[in-house]
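Input: a single structure, listed below in C-alpha coordinates.
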Amino acid sequence: MSDSPTEHLEHAEHAEHAAHSGDPFLAVVSVTIAVLAVIAATIGSFETVESGKAITDKNESVLLQNKATDTWGFFQAQSIKKNMYDLAAAAQSDAGRQADYVKKARQYESDSGEVKSKAEGLEKERDAKLEESNTHEHRHHTLTAAVTFLHVSIAIATIAIIMRGKRWPWHGAMALGALGTILAIYAYL
(Lines give C-alpha, C1' and ligand atoms only; values in the text may rest on other atoms or scores of the structure.)
Protein backbone atom coordinates (compact mmCIF):
# COMPACT_ATOMS: atom_id res chain seq x y z
CA MET A 1 0.00 0.00 0.00
CA SER A 2 1.08 3.56 -0.53
CA ASP A 3 3.07 5.26 2.20
CA SER A 4 1.55 8.63 1.36
CA PRO A 5 -2.15 9.21 0.76
CA THR A 6 -1.24 11.85 -1.85
CA GLU A 7 1.35 9.80 -3.75
CA HIS A 8 -1.09 9.14 -6.57
CA LEU A 9 -1.59 12.90 -6.95
CA GLU A 10 2.12 13.38 -7.58
CA HIS A 11 2.07 10.74 -10.30
CA ALA A 12 -1.06 12.29 -11.79
CA GLU A 13 0.65 15.71 -11.82
CA HIS A 14 3.66 14.29 -13.68
CA ALA A 15 1.33 12.56 -16.11
CA GLU A 16 -0.58 15.80 -16.70
CA HIS A 17 2.64 17.66 -17.47
CA ALA A 18 3.63 14.88 -19.83
CA ALA A 19 0.31 15.09 -21.65
CA HIS A 20 0.86 18.80 -22.31
CA SER A 21 4.35 18.30 -23.66
CA GLY A 22 3.16 16.85 -26.97
CA ASP A 23 5.61 13.95 -26.89
CA PRO A 24 3.64 10.74 -27.65
CA PHE A 25 6.15 8.63 -25.72
CA LEU A 26 5.41 10.60 -22.57
CA ALA A 27 1.72 9.81 -23.05
CA VAL A 28 2.65 6.10 -23.19
CA VAL A 29 4.65 6.50 -19.98
CA SER A 30 1.66 8.22 -18.35
CA VAL A 31 -0.65 5.36 -19.30
CA THR A 32 1.96 2.89 -18.06
CA ILE A 33 2.02 4.66 -14.69
CA ALA A 34 -1.77 4.48 -14.47
CA VAL A 35 -1.82 0.78 -15.35
CA LEU A 36 0.97 -0.01 -12.88
CA ALA A 37 -0.89 1.92 -10.17
CA VAL A 38 -4.07 -0.08 -10.78
CA ILE A 39 -2.15 -3.36 -10.69
CA ALA A 40 -0.36 -2.30 -7.49
CA ALA A 41 -3.64 -1.33 -5.83
CA THR A 42 -5.24 -4.64 -6.81
CA ILE A 43 -2.31 -6.70 -5.55
CA GLY A 44 -2.22 -4.56 -2.40
CA SER A 45 -5.85 -5.52 -1.77
CA PHE A 46 -5.01 -9.21 -2.19
CA GLU A 47 -2.11 -8.71 0.22
CA THR A 48 -4.48 -7.29 2.83
CA VAL A 49 -6.95 -10.14 2.35
CA GLU A 50 -4.22 -12.77 2.74
CA SER A 51 -2.97 -11.08 5.90
CA GLY A 52 -6.47 -11.12 7.36
CA LYS A 53 -6.98 -14.76 6.46
CA ALA A 54 -3.65 -15.69 8.05
CA ILE A 55 -4.64 -14.00 11.30
CA THR A 56 -8.14 -15.49 11.27
CA ASP A 57 -6.88 -19.02 10.64
CA LYS A 58 -4.23 -18.65 13.35
CA ASN A 59 -6.91 -17.51 15.82
CA GLU A 60 -9.16 -20.42 14.85
CA SER A 61 -6.28 -22.84 15.40
CA VAL A 62 -5.79 -21.42 18.91
CA LEU A 63 -9.48 -21.93 19.67
CA LEU A 64 -9.32 -25.48 18.34
CA GLN A 65 -6.26 -26.13 20.52
CA ASN A 66 -8.18 -24.88 23.55
CA LYS A 67 -11.08 -27.22 22.73
CA ALA A 68 -8.66 -30.11 22.22
CA THR A 69 -6.98 -29.36 25.55
CA ASP A 70 -10.34 -29.29 27.32
CA THR A 71 -11.34 -32.54 25.63
CA TRP A 72 -8.07 -34.21 26.63
CA GLY A 73 -8.69 -33.05 30.21
CA PHE A 74 -12.13 -34.65 30.07
CA PHE A 75 -10.54 -37.82 28.65
CA GLN A 76 -8.14 -37.94 31.59
CA ALA A 77 -11.01 -37.47 34.05
CA GLN A 78 -12.88 -40.36 32.37
CA SER A 79 -9.76 -42.50 32.60
CA ILE A 80 -9.28 -41.71 36.30
CA LYS A 81 -12.94 -42.57 37.03
CA LYS A 82 -12.61 -45.84 35.10
CA ASN A 83 -9.49 -46.76 37.09
CA MET A 84 -11.21 -45.90 40.38
CA TYR A 85 -14.16 -48.15 39.53
CA ASP A 86 -11.73 -50.92 38.52
CA LEU A 87 -10.02 -50.57 41.91
CA ALA A 88 -13.36 -50.48 43.73
CA ALA A 89 -14.50 -53.64 41.88
CA ALA A 90 -11.27 -55.42 42.77
CA ALA A 91 -11.62 -54.47 46.43
CA GLN A 92 -15.34 -55.33 46.67
CA SER A 93 -16.35 -58.65 48.20
CA ASP A 94 -20.07 -58.29 47.36
CA ALA A 95 -20.52 -59.80 43.87
CA GLY A 96 -23.50 -57.55 43.06
CA ARG A 97 -21.66 -54.34 43.87
CA GLN A 98 -18.53 -55.65 42.15
CA ALA A 99 -20.53 -56.23 38.94
CA ASP A 100 -21.94 -52.67 39.18
CA TYR A 101 -18.41 -51.25 39.55
CA VAL A 102 -17.13 -53.28 36.61
CA LYS A 103 -20.10 -52.14 34.52
CA LYS A 104 -19.42 -48.47 35.38
CA ALA A 105 -15.70 -48.93 34.66
CA ARG A 106 -16.50 -50.39 31.22
CA GLN A 107 -18.91 -47.50 30.53
CA TYR A 108 -16.19 -44.94 31.33
CA GLU A 109 -13.76 -46.91 29.17
CA SER A 110 -16.22 -46.84 26.27
CA ASP A 111 -16.97 -43.14 26.74
CA SER A 112 -13.27 -42.27 26.97
CA GLY A 113 -12.69 -43.84 23.55
CA GLU A 114 -15.20 -41.43 22.01
CA VAL A 115 -13.68 -38.50 23.88
CA LYS A 116 -10.21 -39.49 22.68
CA SER A 117 -11.42 -39.62 19.07
CA LYS A 118 -12.99 -36.18 19.46
CA ALA A 119 -9.76 -34.72 20.91
CA GLU A 120 -7.70 -36.21 18.09
CA GLY A 121 -10.18 -34.80 15.55
CA LEU A 122 -9.85 -31.33 17.08
CA GLU A 123 -6.07 -31.60 16.86
CA LYS A 124 -6.32 -32.52 13.17
CA GLU A 125 -8.57 -29.49 12.57
CA ARG A 126 -6.06 -27.32 14.45
CA ASP A 127 -3.21 -28.59 12.29
CA ALA A 128 -5.21 -27.91 9.12
CA LYS A 129 -5.94 -24.33 10.27
CA LEU A 130 -2.27 -23.78 11.06
CA GLU A 131 -1.33 -25.03 7.60
CA GLU A 132 -3.89 -22.70 5.99
CA SER A 133 -2.57 -19.82 8.08
CA ASN A 134 0.99 -20.54 6.94
CA THR A 135 -0.15 -20.61 3.31
CA HIS A 136 -1.90 -17.24 3.66
CA GLU A 137 1.10 -15.78 5.48
CA HIS A 138 3.46 -16.95 2.72
CA ARG A 139 1.18 -15.41 0.09
CA HIS A 140 1.05 -12.18 2.09
CA HIS A 141 4.86 -11.94 2.14
CA THR A 142 5.11 -12.70 -1.57
CA LEU A 143 2.42 -10.13 -2.40
CA THR A 144 4.21 -7.55 -0.25
CA ALA A 145 7.33 -8.00 -2.37
CA ALA A 146 5.22 -7.82 -5.56
CA VAL A 147 3.59 -4.54 -4.49
CA THR A 148 7.01 -3.14 -3.58
CA PHE A 149 8.33 -3.91 -7.07
CA LEU A 150 5.26 -2.25 -8.58
CA HIS A 151 5.63 0.88 -6.43
CA VAL A 152 9.30 1.15 -7.39
CA SER A 153 8.37 0.66 -11.06
CA ILE A 154 5.87 3.54 -10.82
CA ALA A 155 8.53 5.79 -9.33
CA ILE A 156 11.03 4.83 -12.02
CA ALA A 157 8.46 5.39 -14.78
CA THR A 158 7.90 8.87 -13.36
CA ILE A 159 11.62 9.51 -13.79
CA ALA A 160 11.14 8.97 -17.56
CA ILE A 161 8.70 11.89 -17.53
CA ILE A 162 10.94 14.07 -15.40
CA MET A 163 13.88 13.34 -17.72
CA ARG A 164 11.79 14.51 -20.68
CA GLY A 165 11.27 11.21 -22.42
CA LYS A 166 14.41 9.21 -21.69
CA ARG A 167 13.62 5.61 -22.54
CA TRP A 168 15.80 3.65 -20.08
CA PRO A 169 13.77 4.50 -16.94
CA TRP A 170 10.57 3.40 -18.67
CA HIS A 171 12.16 0.09 -19.75
CA GLY A 172 13.38 -0.48 -16.20
CA ALA A 173 9.91 0.35 -14.87
CA MET A 174 8.31 -2.12 -17.27
CA ALA A 175 10.73 -4.86 -16.18
CA LEU A 176 10.07 -4.22 -12.48
CA GLY A 177 6.32 -3.99 -13.11
CA ALA A 178 6.40 -7.33 -14.94
CA LEU A 179 8.46 -8.85 -12.13
CA GLY A 180 5.98 -7.60 -9.53
CA THR A 181 3.02 -8.94 -11.50
CA ILE A 182 4.68 -12.33 -12.04
CA LEU A 183 5.53 -12.51 -8.34
CA ALA A 184 1.88 -11.82 -7.45
CA ILE A 185 0.72 -14.59 -9.78
CA TYR A 186 3.36 -16.92 -8.29
CA ALA A 187 1.90 -16.28 -4.81
CA TYR A 188 -1.22 -18.21 -5.84
CA LEU A 189 0.50 -21.10 -7.65
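Laid out as a table, the results:
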| quantity | calculated |
| --- | --- |
| Sites Trp168 and Thr42, calculated FRET efficiency, Cβ-Cβ separation with R0 22 Å, nearest 0.05 | 0.25 |
| Residue-normalised accessible area of the chain, expressed per residue, 1.4 Å probe, Å² | 61 |
| Heavy atoms of Arg106: accessible area, 1.4 Å probe, square angstrom to 10 | 100 |
| Portion, in percent, of the accessible area of the chain that falls on carbon or sulfur, probe 1.4 Å | 62 |
| Volume per residue that the Cα convex hull of the range 50-108 spans, once the total is divided by residue count, Å³ | 50 |
| Environment charge at Leu189 (Cβ cut-off 15 Å; Lys +1, Arg +1, Asp -1, Glu -1) | 0 |
| Positive-end extreme of charge dipole, the chain - chosen from Ile159, Leu176, Ala68 (charges on Cβ) | Ala68 |
| Which listed pairs, of Lys58/Lys81; Lys81/Lys118; Lys58/Lys82, have C-alpha distances above 27 Å, in listed order | Lys58/Lys81; Lys58/Lys82 |
| Within the chain: Cβ-based charge dipole about Cα centre, in debye rounded to nearest 20 (Lys, Arg +1; Asp, Glu -1) | 480 |
| Residue-span extension gain [Leu63 to Gln98] - 0.36 nm each, minus C-alpha spacing | 8.4 nm |
| Karplus-derived HN-Hα couplings along the range 86-96 (A = 6.51, B = -1.76, C = 1.60, θ = phi - 60°), whole Hz, x at Gly and Pro | 4, 5, 5, 5, 5, 8, 7, 8, 6, 4, x |
| Charge dipole (debye, nearest 20) of the range 107-189; +1 at Cβ of Lys and Arg, -1 at Cβ of Asp and Glu | 1120 |
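The values are calculated or read from the model by the stated rules, or taken from the named source; none is laboratory data. Only a predicted model underlies this, so the values are computations on that prediction, with no experimental measurement involved. Virtual Cβ from ideal backbone geometry, glycine too; neighbours counted across all protein chains shown. Accessible surface is based on the protein model in full, side chains and every heavy atom, while ligands, DNA and RNA are left aside. Shrake-Rupley method; radii C 1.70, N 1.55, O 1.52, S 1.80 Å.
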